[in-house]
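Take a look at the structure set out below.
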Amino acid sequence: MKTCPREEDTSATAYRVTHQVYETREVETSFVDETTGERKKTSKLMLVEKTKPIGEFMQQYREKLQYFCFHNQMAKWTWMVRKDRAAIRKGDLSLIMDYSEKLNRLRRTKIQTEHWVNTAITIEVAVAEGFKATIPADDPVLAGLASMSPEERGKELDSLGVLEKQIYYHCSDYKAQEAKVTTHNMRVMLDELLQANVLLDGGTVWLKTDGCAKQYKCSKAMYLLCVLVADLSAKGKRVTIDQMLEVTGHGKDEADGHGGVFKNWLTGEMMRSDFMEGDESVVASSDAREGEALSFADACAKRAREGFGDLKPAGMNSKRREKSNTAARHVRTYGEHDIRDAPAIKEMTAALAADAEEGEDSRIKATLGHNNFRACL
């Protein structure tokens, strides 16, 4: 990397640069230690503004720039693979997964909700797109696509109408949003798509998600992807999962759009319960009935399976309606009992964050782990 003498200046007269960086700091809490009489302290990840000589700043900047350069080139390649579908072939799957904001149980005309325990469900949305299972492997259309360049192939796929989408909504009263939950949901979904012959033996799952470390990016998430691939292989289905993190924050993608529509529809159904009592089709506002707890997730899923089935609504723009290749929507539920505890994390996963300083916050370590990860056998 080219440098100039002015960028190396660390003296008191050097040009000073102000920048922000995440650091773990100790802060005082409102609790007092009974033995010492002093306020207790806790560690908190904070965005800290610093000013330092340009020479010191550039040293740190160049280190971080290496990660960016690698990610930037990888992002260009994965964008072409996923957005333009340059690498997808029959038996592969393009997959987008992301959590929506939690959906609260609505009590529109009831007492103010802050006087009650808020009831909410988590919803993880997945958009799976692949070749139609009805297309035979020896179809001449597939042979024609194989002979095209990646750029040409991506443009032709939409016009040929050979791809279809399956939308999955994974709903649960279980509040945790972590790696073992996302892996469980993916396991259920891939099993169904394998049985439907959309995903085939030897296929690749081109997975795209955002940069949430706890759900998709930590060493536990990577390890569980490997476990999932091994489990599928043991069942006679050899699948590769190629995961790409598009952004390091809360990016908005197609899964967020489907999640937003789904939650708005459920909210409308909950509002109906205020003036249509006794109608079994509405989502009840009660947490329990006659002393028996009611599952909010089960109620939402039951109603969605009954009424959220119009794949191409009449009010949809005609061009969008024509281009839409959504084939089905699937509403699934899971509970804490469905989430299997992950096996002990292997010692080798510690190497994924080897570049992080000792004692540094685990979320910072996760961001150094990867931006593209492939699990295969």
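The values are calculated or read from the model by the stated rules, or taken from the named source; none is laboratory data. Values in this document were obtained by computation on a predicted structure and should not be read as measured data. What goes into the accessible areas is simple: the full protein's heavy atoms, side chains included, and nothing from ligands, DNA or RNA. Shrake-Rupley method; radii C 1.70, N 1.55, O 1.52, S 1.80 Å.
Given a 1.4 Å probe and the protein chains as shown, V27 ends up with an accessible area of around 40 Å².
Around the amide H of H330, modelled in the peptide plane, lie the amide H atoms of I167, Y168, Y169, all under 5 Å away and 5 or more residues distant in sequence or on another chain. Per residue, the Cα convex hull of the stretch 93-240 amounts to 156 Å³. The separation of the stretch 128-181 from the stretch 32-86, counted between C-alpha centres, amounts to 34 Å. Taking the square roots of five times each eigenvalue of the Cα gyration tensor of the stretch 161-249, the equivalent ellipsoid has semi-axes of 21, 16, 14 Å, listed largest first. For K208, the residues 5 or more places off, or on other chains, whose built amide H falls under 5 Å of its own are L95, I96, M97, M244.
If I compute solvent accessible area with a 1.4 Å probe over the protein chains, what percent of it on the stretch 1-78 is carbon and sulfur? Could the numbers behind the result be given before it?
On the way: 3250 of 6370 Å².
It is 51 percent, rounded to a whole number.
Between rounded, prolate and oblate, where does the stretch 1-106 land on the alpha carbon gyration tensor, with a ≥ b ≥ c its root eigenvalues, rounded for a/c under 1.5, else prolate if a/b exceeds b/c? Walk me through the numbers on the way to the answer.
Working: a/c = 3.92, a/b = 1.18, b/c = 3.31.
Here the stretch 1-106 falls in the oblate category.
Stretched out straight at 0.36 nm per residue, the stretch from S286 to Q177 would grow longer than its current Cα-Cα span by 36.8 nm.
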